[in-house]
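A.B. asks: Encoded as structure tokens, here's the structure I'll be asking about.
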Amino acid sequence: AMRRALALVGVKGVRQAVAALRAWPGPLNEAEAAGLKQLMDRVRLAAHAAQALRPPGYDAEAVYLVAVLQNLGRLLVQYHFAPEAAQIAELMAPIAAEDAEDGREAPGMSEEGAAYAVLGVDIESLGIAVARQWGLGDDVVHMMRRLPPLRPVRTSEGDADTLRIVASAANEAVDAVTRIAPERAEAALQTVVQRYARALGISQRDLEDALHQARLALQGRHPPAETGGVPQAASRIETPTAG
């Protein structure tokens, strides 16, 4: 049942769904189109990283699709509500020391809080509503929900849980190296490793290698791992600039 549901969200189906809502590329201006492309690259990077992190025996396409679906709400907002997406990003940005009342840099709002402030609803709920409209079942909707960032990660209770955990880890790792200032990215990755070490059996090096392999796959320089399991590449990733 899970495989049949995932098959409904192939590239062709996504294109048809988007075309039914708004003709591509729609009325996006240059900056909005650039923002959408940047987000799509991040989503693809996370999907490739999830493939690299998946335990042996798990289907590469299935884990790729789950990682993408965990970003469905973000993609919808960026495409259909680009100005609001920009406002959400602005609210999430750290407050510089010179702008803070106490003279110290402060973190920005959480994505959930910023989305509520701008849209009146959280982004994940938007994606799940669309998934329901597409006819996707409870198993897929369960996997679409990223693990809550402030709750401990429990060990998997089945295949659907494993795919959800792997995709969540990959998405959190990509957020860490793209949304956070470079000098703080390594500490952010350590936090991701600490959260998922027990559930996935990964180390800091494993996560960095997975992101490195994902970057190569995104650039078309290296195919994603076909057998599953954390890659053992010797190269480290280059921390990208936050943005």
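The values are calculated or read from the model by the stated rules, or taken from the named source; none is laboratory data. Owing to the predicted nature of the structure, the values given are computational and were not obtained by experimental measurement. Glycine also receives a Cβ, built like all others from the backbone with ideal geometry; neighbour counts cover every protein chain displayed. What goes into the accessible areas is simple: the full protein's heavy atoms, side chains included, and nothing from ligands, DNA or RNA. Shrake-Rupley method; radii C 1.70, N 1.55, O 1.52, S 1.80 Å.
A.B. asks: Ignoring ligands and nucleic acids, what accessible area does Arg179 show with a 1.4 Å probe (Å², nearest 10)?
C.D. replies: We get 90 Å² for Arg179.
A.B. asks: How big is the accessible area of His142 in square angstrom, nearest 10, if you roll a 1.4 angstrom probe over the protein chains?
C.D. replies: Ignoring ligands and nucleic acids, His142 comes out at about 70 Å².
A.B. asks: Same structure, new question: Work from the charge dipole of the range 90-204 (Cβ charges, +1 for Lys and Arg, -1 for Asp and Glu, about the Cα centre) and give the residue of Ser110, Ala167, Val177 farthest towards its positive end.
C.D. replies: Ala167
A.B. asks: Turning to a different aspect of this structure: What percent of all Cα-Cα pairs in the range 159-208 falls in each 5 Å bin, counting up from 0?
C.D. replies: In whole percents, the pair-distance histogram is 4, 23, 32, 23, 12, 5, 1, 0.
A.B. asks: Place a +1 charge on the Cβ of each Lys and Arg in the range 31-148 and a -1 charge on the Cβ of each Asp and Glu, then give the dipole magnitude about the Cα centre in debye, rounded to the nearest 20.
C.D. replies: Here the size comes out at about 560 debye.
A.B. asks: Label points 7 Å out from Cα along the Cβ direction at His80 and Glu186: separation in nm?
C.D. replies: Spacing of the two 7 Å Cα→Cβ label points: 4.3 nm.
A.B. asks: Let me ask another. Multiply the residue gap between Arg145 and Ala31 by 0.36 nm, knock off their C-alpha separation, and tell me the result in nm, one decimal place.
C.D. replies: So the extension gain works out to 38.1 nm.
A.B. asks: Continuing with this model, one more query. Of Gln70, Ile88, Leu150, which is farthest on the positive side of the dipole of the range 54-189, counting Cα position, with +1 on Lys and Arg Cβ, -1 on Asp and Glu Cβ, and the Cα centre as origin?
C.D. replies: In the range 54-189, that residue is Gln70.
A.B. asks: Ok, one more. With a 1.4 Å probe and all protein chains kept in place, how do Met143, Met109 rank by accessible area, largest first?
C.D. replies: My answer, sorted largest first, is Met109, Met143.
A.B. asks: Working out 0.36 nm times the residue gap between Gln87 and Arg221, then minus their Cα-Cα distance, what length gain in nm do you get to one decimal?
C.D. replies: 44.8 nm
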